[in-house]
Amino acid sequence: MRNEYSLKVKLIISIWMVLIFSLAVPSNYFIQSMEDEAARQYLGHIQEKLRIVDWIISSEPEAYLSPHLDDLLKGLGFLNEERISILDEQGKIIADSRYLPQEFKNKPSLINNPEIVQARIQGMGYYQVSEHAGSPAMTNLAVRINNLADNHDYYLRISTPRSGVHAFFEHISANLWKFVFLSLLLSCIVVYLMITYLTYRLKPMISMAQSMGQGNFRQRINDSPGREFDPLVEAVNRMADDVEKNVELVSKQKSDLEVIINGIKDGLAALDNQGRIVSFNRSFREIFKHLDHLHNKRPIDVFLNVQLQKACDALLNDPREQTLSMEMEIRGFFYDVHLVAPSNQRTIGAIILLHDITAFKRLESIRKDFVANASHELRTPLTSIKGYTETLLQNPDILEHKGPDLLKIVIRNTDNMIRLLDDILQLSRIESIQDRITLEDIDLKQIIIKSWNNCEHYILDKHIRFKTELLEDEHLIVRAEQDYLQHVFQNLFENSIKFVPRQGLIQVLIRDKGKMLWIGVQDNGPGIPESEQQRIFERFYRIRKDRNKVKGTGLGLAICRNILKALGGEIWVESPVSGSDHGCVIWFSLNKSLNSPADEPHTKPGRQTDTNA
């Protein structure tokens, strides 16, 4: 919290208040006491003069009745500025030391003047008249005198100006207040200099506090402003050491936690108590990389799923709910979504965990397809075998006349079952020994020719032409295993033979890609629809439009994919062929041997071997 007034202002005001109470109040009391004492002594002095005047007048017999009383008063030489008046019982002036009889004869009675009233009651009265309308301040003193000659009371009154005493005390008061003002000014200067010096000495502490606020905990205070600040300096330095250690520990823990969280393959996001995303890991960001930002968004803004938003709201509003789960599809991927509420929801309200189950879904689909396809592929020949066998057993005459033909059908269906089982076993064997295949240098041309020769019995009367971009005397050496590589070529050749028309063309394409060699088996068949190209390498998958036209187990390309994966290569499809609206090329890659000769790129049409079958 920022203070409204600085320390300088506060100290100056405080010291001023102390000086005012320590100088002004005593000074005022001193001046007042001196004025009171001076007034008391001055009053005694006036009283002494009145007694002298009374003694002079009383020394003359019947002086108060004498017509020369006025002259007597005017003849008193010790009177300076004082005025002596004698009043009768009615307060009328009968004699005056300053004015002539004709001047005071018609003046009004002074019987009600405060000093006369007091003198009539107490024997003596005293009253001070303040300065007004150009008249100076006066001090009036009256004494009641009883004249025994006529048994009447008279009043002896003296008036004297107070200008001298008043001016004296005003001068003292002005000088004293000047002293107080100078003291206040001097104190202000001294305090300002002291605070400026103290602020300068405290700058290292202020700078250190600011640096700590900005995250720099390495700065320390090396110079104490004073001995009184030594404990504070030690405490601040010790606090900085502790804070630096704690911050380093927290930073390390945070860094380790971020590494762990970002290393989790599952998407992870944290929601605050308002249900908005406050943090997430790298996998979560990757899932929603199509969004510009995720911070401070609600789950429905990110997932576009009302059920998930309701689940998050229920978890935040009901602390008894600890976990909720659901499955969700996000941009073609399937996720098992878990919502977890921490026991303490002060900062984190809920955690969303996304576990990718797309592979499990795909495996489950493959498993179901495998079971369905394997059952179908086995059931068809088994049904045929069972049907023909029962027919032969129940009809001896058919067995005698058509037995050999029916048994040939049984044998053909049995061969189909054996071939299917062999493909399944081979696929399983390849998957189980991928890490134990020994690679060796293989002459690619020999494998191609041998594989094609093994497939000639499938050609029948189609009159298919076979080409390869390798010259007759050209040898390309690749790293592979001979039997497995031959199996790949045979499967690809058999597939092409099934789909090419009469007078069709099958050719082997070669592309040199540095350390890798791209090999393609191309045919001019109908090609593969783009919508099914991603699935043709799955087990038992067969193109829909050809399922009933072309025989096969649907395992050939799956076996090729697993063999090439074990050989360190890949397989993919290109359909239709470039420059045409039909045809297909099954490409796969192999590592070239280090001893393979450096040939020119195999793209020249003249470098081909043509074989008619």
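How many residues are of a type outside the set (Asp, Glu), part of a loop (DSSP other than H, G, I, E, B) and closer than 22 Å to Asn495 by Cα when one looks only at the range 450-481?
7
Scanning the range 57-67 turns up one or more residues that are part of a helix (DSSP H, G or I) and farther than 21 Å from Gly123 by Cβ.
For every residue, the table says whether it meets (1) in a loop (DSSP other than H, G, I, E, B); (2) in contact with a Ser or Thr (Cβ under 7 Å, 6 or more places away or on another chain); (3) under 20 Å from Asp336 (Cβ atoms).
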residue: Gln274; (1), (2), (3): yes, no, no
residue: Ser279; (1), (2), (3): no, no, no
residue: Ser283; (1), (2), (3): no, no, yes
residue: Glu286; (1), (2), (3): no, no, yes
residue: Asp292; (1), (2), (3): yes, no, no
residue: Asn296; (1), (2), (3): yes, no, no
residue: Ile300; (1), (2), (3): no, no, yes
residue: Gln307; (1), (2), (3): no, no, yes
residue: Lys310; (1), (2), (3): no, no, yes
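Residues in the range 318-332 include none that are open to solvent by less than 50 Å² (accessible area, probe 1.4 Å), out of contact with any Cys (no Cβ under 9 Å at 6 or more places or on another chain), over 30 Å from Ser211 (Cα atoms) and among the hydroxyl-bearing types (Ser, Thr, Tyr). If you go through the range 265-285 and keep only what is under 15 Å from the mean Cα position of the chain (by Cα) and among the basic types (Lys, Arg), you end up with just Arg276. The sole residue among Glu390, Glu400 that is exposed (fewer than 15 other Cβ atoms within 10 Å of the Cβ) and either modelled with pLDDT under 75 or under 60 Å from the mean Cα position of the chain (by Cα) (or both) is Glu400.
Only one entry of Val129, Val143, Val165 meets the criterion of being modelled with pLDDT of 85 or more, buried (at least 16 other Cβ atoms within 10 Å of the Cβ) and more than 60 Å from the chain's Cα centre (by Cα), and that entry is Val143.
Can you confirm whether the range 501-514 contains a residue that is open to solvent by 40 Å² or more (accessible area, probe 1.4 Å), in contact with a Phe, Trp or Tyr (Cβ under 8 Å, 6 or more places away or on another chain) and hydrophobic (A, V, I, L, M, F, W, C)? No, the range 501-514 contains no residue that is open to solvent by 40 Å² or more (accessible area, probe 1.4 Å), in contact with a Phe, Trp or Tyr (Cβ under 8 Å, 6 or more places away or on another chain) and hydrophobic (A, V, I, L, M, F, W, C). Right, Leu184: modelled with pLDDT under 80, of a type outside the set (Asp, Glu) and over 30 Å from Ile357 (Cα atoms) or not? Considered against the rule, which asks whether it is modelled with pLDDT under 80, of a type outside the set (Asp, Glu) and over 30 Å from Ile357 (Cα atoms), Leu184 comes out as yes.
Every residue, every condition in (1) assigned to a helix (DSSP H, G or I); (2) surrounded by 11 or more Cβ atoms within 10 Å (Cβ to Cβ); (3) modelled with pLDDT of 80 or more, yes or no:
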site: Lys178; (1), (2), (3): yes, no, yes
site: Cys188; (1), (2), (3): yes, yes, no
site: Leu202; (1), (2), (3): yes, yes, no
site: Gln210; (1), (2), (3): yes, yes, no
site: Asp223; (1), (2), (3): no, no, no
site: Pro231; (1), (2), (3): yes, no, yes
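Evaluation of Asp96 against the conditions (1) at pLDDT 80 or above; (2) open to solvent by 50 Å² or more (accessible area, probe 1.4 Å); (3) in contact with a helix residue (DSSP H, G or I) (Cβ under 9 Å, 6 or more places away or on another chain) shows that the sole unmet condition is (2).
Yes/no per residue for (1) open to solvent by 40 Å² or more (accessible area, probe 1.4 Å); (2) in contact (Cβ under 8 Å) with a residue 24 or more places away in the chain:
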{"position": "Ile20", "(1), (2)": "yes, yes"}
{"position": "Ile46", "(1), (2)": "no, yes"}
{"position": "Gly75", "(1), (2)": "yes, no"}
{"position": "Gly91", "(1), (2)": "no, yes"}
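In the set Ile111, Ile116, only one residue is open to solvent by 20 Å² or more (accessible area, probe 1.4 Å) and modelled with pLDDT of 85 or more; that residue is Ile111.
Selection of first residues in the range 240-269 that are on the phi < 0 side of the Ramachandran plot and of second residues that are among the small types (Gly, Ala, Ser) and open to solvent by less than 60 Å² (accessible area, probe 1.4 Å), restricted to Cβ pairs under 6 Å at least 6 apart or on distinct chains, gives the following pairs, ordered by first then second residue: Lys265/Ser283; Gly267/Ser283. Here Ile264 fulfils each of the conditions (1) farther than 21 Å from Thr347 by Cβ; (2) open to solvent by 40 Å² or more (accessible area, probe 1.4 Å); (3) in contact with a Ser or Thr (Cβ under 7 Å, 6 or more places away or on another chain); (4) among the aliphatic types (A, V, I, L, M) apart from (1). Asp241 meets the stated requirement of being part of a helix (DSSP H, G or I) and surrounded by 11 or more Cβ atoms within 10 Å (Cβ to Cβ).
This table checks each residue for (1) aliphatic (A, V, I, L, M); (2) modelled with pLDDT of 90 or more; (3) not in a loop (DSSP other than H, G, I, E, B).
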residue: Tyr484; (1), (2), (3): no, no, yes
residue: His487; (1), (2), (3): no, no, yes
residue: Lys498; (1), (2), (3): no, no, yes
residue: Ile506; (1), (2), (3): yes, yes, yes
residue: Ile510; (1), (2), (3): yes, yes, yes
residue: Ile519; (1), (2), (3): yes, yes, yes
residue: Gln522; (1), (2), (3): no, yes, yes
residue: Gly525; (1), (2), (3): no, no, no
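The values are calculated or read from the model by the stated rules, or taken from the named source; none is laboratory data. Just so we're clear, the structure is a prediction, and the values are computed from it rather than from any experiment. When we count neighbours, we look across all protein chains shown, and the Cβ atoms used for this are built from the backbone with ideal geometry, even at glycine. Just the protein is used for accessible areas: all its heavy atoms, side chains included, with ligands, DNA and RNA removed. Shrake-Rupley method; radii C 1.70, N 1.55, O 1.52, S 1.80 Å.
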